[in-house]
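I have placed the structure first, in the form of structure tokens, so that the comments after it can refer back to it.
The values are calculated or read from the model by the stated rules, or taken from the named source; none is laboratory data. For clarity, every value in this text was computed on a predicted model and none was experimentally measured. Heads up, the Cβs are rebuilt from the backbone with ideal geometry, glycines too, and the neighbour counts pull from every protein chain shown.
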Amino acid sequence: MHTATETFDLTARKFHQAVCVLLLVAAFVVGTQAGAWLVGFVGLVLLAGRFWWQADLFRQLTWRVLEPAGILTRREVQENHETRRIARVMGGAILLVCAVLLAAGQSLAWIPVALIGIMISLDAVFNFCALCWLTYQFAKPAIR
Amino acid sequence: MVERAIVALLVIVVVAGVSFFVREIARRRVDDLVGTDLPAALAGRLPGRTPAIVYFYGAHCADCRHQAVVLEQLATGQGIAVARVDAASEGALADALSVMTVPSTVVVDAGRRIRAVNLGFRTHAELLAQLHDFGEAAASVA
């Protein structure tokens, strides 16, 4: 259970998010068939990394290589990761499905890939929780 | 591949532009609110004459549970009054304070004047700093 004093490595989160977005962009640029593998890889890291630390590859890279080497500086901040964990499971699952669709030649699957990339970017740059905003927008009464 | 790279770049530019534009609008809305009086409907829910926080939450909001823990710490540790508002069922109040997401918190002084509007989760340290900024933080409860 979260406590208000629990802290997380902000640097590792942002690096993880930046790499995810860069790989998704690279996947799109490379093209449908080859890009599907990259999309699937990102989806796997998001999904598997949520439940098994060792699979959280980009954070592991940060903690084992980049921070000890002084390339990145660890920054502990008080954050709530509960919503982010929900979002990464949803995002990871959707990306895996999209990877299969892209491999099957369904180019429209790039749309959800792009949306997930945008939401990750908004959190990385602005600490904006798109899932929180969407949940609130749908919960508001339709007619005031 | 070049065409795809151009498309990707265009999408990034458009998203960045829209994001900064929306943030600027939100910032201006918040700036317009700071210094104004809290709506009477909310001021009436805050007991006493000490700095207080109006907390907008959502029923299915995971971040809101964490925000509630932070606010409970402020209430018990610093004696800050907190009024909870379900943003979905009391939408008019949420709209009046430019609440666009939950959790959101509105920090008011003892005179029920708005001092800060926070869209999204804020830590204990951030809220305490805002309360101290206008120099009227309640004395710690012994």
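Please go through segment B:92-113 and give me each residue that is over 15 Å from the mean Cα position of the chain (by Cα) and facing chain A (nearest Cβ under 9 Å), ordered by number.
B:Ala92
For segment B:82-91, what are the residues that are more than 8 Å from chain A (Cβ to nearest Cβ), small (Gly, Ala, Ser) and surrounded by fewer than 18 Cβ atoms within 10 Å (Cβ to Cβ)?
Looking only at segment B:82-91, we keep the residues that are more than 8 Å from chain A (Cβ to nearest Cβ), and these are B:82-86, B:90.
Of the ones still in play, those that are also small (Gly, Ala, Ser) are B:83.
Across segment B:82-91, there are no qualifying residues.
With (1) assigned to a helix (DSSP H, G or I); (2) surrounded by fewer than 16 Cβ atoms within 10 Å (Cβ to Cβ) as the list, and B:Leu42 as the residue in question, which single condition is left unmet?
If we test B:Leu42 against (1) assigned to a helix (DSSP H, G or I); (2) surrounded by fewer than 16 Cβ atoms within 10 Å (Cβ to Cβ), just (2) comes out false.
Do any strands (runs of 3 or more DSSP E) lying entirely in segment B:80-127 carry at least 3 residues that are farther than 12 Å from B:Leu42 by Cβ and hydrophobic (A, V, I, L, M, F, W, C), and which ones are they? It would help to see each step written out before you state the result.
Values: elements: B:81-86, B:104-108, B:114-119.
By residue number, B:114-119.
Looking at segment A:30-49, which of its residues are under 19 Å from the mean Cα position of the chain (by Cα) and surrounded by 19 or more Cβ atoms within 10 Å (Cβ to Cβ)? Give the derivation first.
So the first thing to find is which residues in segment A:30-49 are under 19 Å from the mean Cα position of the chain (by Cα), and the list is A:35-49.
Of everything in segment A:30-49, those that are under 19 Å from the mean Cα position of the chain (by Cα) and surrounded by 19 or more Cβ atoms within 10 Å (Cβ to Cβ) turn out to be A:Gly35, A:Ala36, A:Leu38, A:Val39, A:Gly40, A:Val42, A:Gly43, A:Val45, A:Leu46, A:Leu47, A:Gly49.
Among the residues that make up segment A:70-86, is at least one of them more than 30 Å from A:Ile111 (Cβ to Cβ) and free of Cβ contacts under 8 Å to residues at least 40 places away in the same chain? Spell out how you get there, then give the answer.
Initially, segment A:70-86 is screened for residues more than 30 Å from A:Ile111 (Cβ to Cβ), giving A:70-78.
Keeping just the survivors that are free of Cβ contacts under 8 Å to residues at least 40 places away in the same chain gives A:70-71.
There is at least one residue in segment A:70-86 that is more than 30 Å from A:Ile111 (Cβ to Cβ) and free of Cβ contacts under 8 Å to residues at least 40 places away in the same chain.
Return a yes/no flag: does segment B:61-71 have any residue that is within 14 Å of chain A (Cβ to nearest Cβ), farther than 23 Å from A:Tyr136 by Cα, in a helix (DSSP H, G or I) and modelled with pLDDT of 85 or more. Outline the logic, then answer.
Of all residues in segment B:61-71, those within 14 Å of chain A (Cβ to nearest Cβ) come to B:61-71.
With farther than 23 Å from A:Tyr136 by Cα added as a condition, the list becomes none.
No, because not a single residue in segment B:61-71 is within 14 Å of chain A (Cβ to nearest Cβ), farther than 23 Å from A:Tyr136 by Cα, in a helix (DSSP H, G or I) and modelled with pLDDT of 85 or more.
State all residues of segment B:53-90 that are over 16 Å from the mean Cα position of the chain (by Cα) and among the charged types (D, E, K, R); if no residue qualifies, say none.
Listed by number, the list is empty, since nothing qualifies.
Evaluate segment B:109-129: report whether one residue or more is under 24 Å from A:Asp123 (Cα atoms) and modelled with pLDDT under 85. Talk me through it step by step, then tell me what you get.
Residues of segment B:109-129 that are under 24 Å from A:Asp123 (Cα atoms), as a first pass: B:116-129.
Cutting the leftovers down to modelled with pLDDT under 85 gives us none.
No: zero hits.
In the set A:Ala34, A:Ala87, A:Ala18, which member is at pLDDT 95 or above, among the aliphatic types (A, V, I, L, M) and either on the phi < 0 side of the Ramachandran plot or out of contact with any helix residue (DSSP H, G or I) (no Cβ under 8 Å at 6 or more places or on another chain) (or both)?
Residue meeting the stated conditions: A:Ala18.
Take the residues in segment A:54-88 that are within 12 Å of another protein chain (Cβ to nearest Cβ) and among the β-branched types (Val, Ile, Thr); name whichever of them is farthest from A:Asn127 (Cα to Cα). Please lay out each step first, then the result.
Initial filter on segment A:54-88 (within 12 Å of another protein chain (Cβ to nearest Cβ)): A:76-87.
In the following step, the residues that additionally are among the β-branched types (Val, Ile, Thr) were identified as A:77, A:83, A:86.
On the way: A:Val77: 12, A:Thr83: 12, A:Ile86: 16 Å.
So the residue we want is A:Ile86.
Can we say B:Ala52 is more than 30 Å from A:Leu24 (Cβ to Cβ), modelled with pLDDT of 90 or more and not β-branched (Val, Ile, Thr)?
Values: more than 30 Å from A:Leu24 (Cβ to Cβ): yes; modelled with pLDDT of 90 or more: yes; not β-branched (Val, Ile, Thr): yes.
Judged against the criteria, B:Ala52 is a match.
Please go through segment A:126-144 and give me each residue that is assigned to a helix (DSSP H, G or I) and crowded, with 17+ Cβ neighbours inside 10 Å, ordered by number. It would help to see each step written out before you state the result.
Keep residues of segment A:126-144 that are assigned to a helix (DSSP H, G or I), which gives A:126, A:130-139.
Listed by number, the residues that qualify are A:Ala130, A:Leu131, A:Cys132, A:Trp133, A:Thr135, A:Tyr136, A:Ala139.
For segment A:106-122: of the residues being buried (at least 22 other Cβ atoms within 10 Å of the Cβ) and more than 10 Å from A:Phe28 (Cα to Cα), which is farthest from the other protein chains (Cβ to nearest Cβ)?
A:Ala109
With respect to A:Ala109, is the statement that it is in a helix (DSSP H, G or I) and either of a type in the set (Gly, Ala, Ser) or without any contact (Cβ under 8 Å) to a residue 12 or more places away in the chain (or both) true? It would help to see each step written out before you state the result.
Values: in a helix (DSSP H, G or I): yes; either of a type in the set (Gly, Ala, Ser) or without any contact (Cβ under 8 Å) to a residue 12 or more places away in the chain (or both): yes.
Here the answer is yes, as A:Ala109 does meet what is asked.
Every residue, every condition in (1) outside any helix (DSSP H, G or I); (2) more than 16 Å from A:Gly117 (Cα to Cα); (3) touching a Gly at 6+ places or on another chain (Cβ under 7 Å); (4) among the β-branched types (Val, Ile, Thr), yes or no:
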site: A:Phe8; (1), (2), (3), (4): yes, yes, no, no
site: A:Ala12; (1), (2), (3), (4): no, yes, no, no
site: A:His16; (1), (2), (3), (4): no, no, no, no
site: A:Val19; (1), (2), (3), (4): no, no, no, yes
site: A:Gly35; (1), (2), (3), (4): no, no, no, no
site: A:Leu38; (1), (2), (3), (4): no, no, no, no
site: A:Leu47; (1), (2), (3), (4): no, no, yes, no
